[in-house]
Amino acid sequence: MHGSCGFLCTGNSFFRHSSPKGSPLTRIAQVFVAAFKNRNLSRPETIEGYHEISDTKDGTGTEILKKTNQFKFLDRAAIRTTDSSYTRPWSICTVTQVEEAKIVVRMLPIIGSTIFLNTCLAQLQTFTVQQPNTLDRYVIGIHVPSTI
C-alpha cells in the first residue's frame, strides 16, 4: 500500500490537472444537434473549411484533436459558413468537439457489452440466493442457511 502511494506521488507532476467546465454530455449533444442542422451543407475539401479555435490549444486549454474520416456525418457540425446564425454553440462546433463525440460513439459497443455482461452476472447472483431459499433446508433437524 505504501509503495503504491509513493509511486502515485512521484508521478503527480506529470498528471493533467484541469477543473471541469460544463457538462461533457452537453458538448456531445451540441455536436449531434449542429450536425443535424447542417445536414444540407456540403463538406469542404480541405481542413480549413472546418471550424477550430487555434492550432494547438483551444480556449479551455485542452488539446486540439485532429480530424478523422470515421463517422463523417458528424463532421457537418464543424463546417464554417458565412451565415451569422451559425455562430452559436448549437449551430457550429469545433473539430475537437466533433472528435470527442466520435470517441464516445466508438465506445458505445464496449459500454453496451458491459451492460449485457452485468445483467447476466446479476441474474446469476440472484439465482444462487433464491434457489436455495425455495428448498427444504432442514437436514436431520438442523437448519442449513441458504448463503454462507
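The values are calculated or read from the model by the stated rules, or taken from the named source; none is laboratory data. Note that the structure is a prediction, hence the values are computed from the model and not measured. Heads up, the Cβs are rebuilt from the backbone with ideal geometry, glycines too, and the neighbour counts pull from every protein chain shown.
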Discussion item. So the check is Cβ under 8 Å with 6+ separation or different chains; which pairs have a first residue in the range 136-148 that's more than 24 Å from residue 125 (Cβ to Cβ) and exposed (fewer than 10 other Cβ atoms within 10 Å of the Cβ) and a second one that's at pLDDT below 85 and not aromatic (Phe, Trp, Tyr)?
Written reply: 138/144
Fill in: Top-ranked residue of the range 1-18 - restricted to ones that are small (Gly, Ala, Ser) and either part of a helix (DSSP H, G or I) or surrounded by 11 or more Cβ atoms within 10 Å (Cβ to Cβ) (or both), ranked as modelled with the lowest pLDDT
3
Worksheet item: Within the set of pairs 6+ apart or on separate chains, which have a first residue in the range 92-109 that is at positive phi, a second that is at pLDDT 90 or above and of a type in the set (S, T, N, Q), and C-beta atoms under 8 Å apart?
Response: none
Item to complete: Determine whether the range 98-113 contains at least one residue that is surrounded by 10 or more Cβ atoms within 10 Å (Cβ to Cβ), modelled with pLDDT under 80 and basic (Lys, Arg).
Response: no
Item to complete: State all residues of the range 19-42 that are under 24 Å from residue 106 (Cα atoms), under 18 Å from the mean Cα position of the chain (by Cα) and assigned to a loop (DSSP other than H, G, I, E, B); if no residue qualifies, say none.
Response: 20, 21, 22, 23
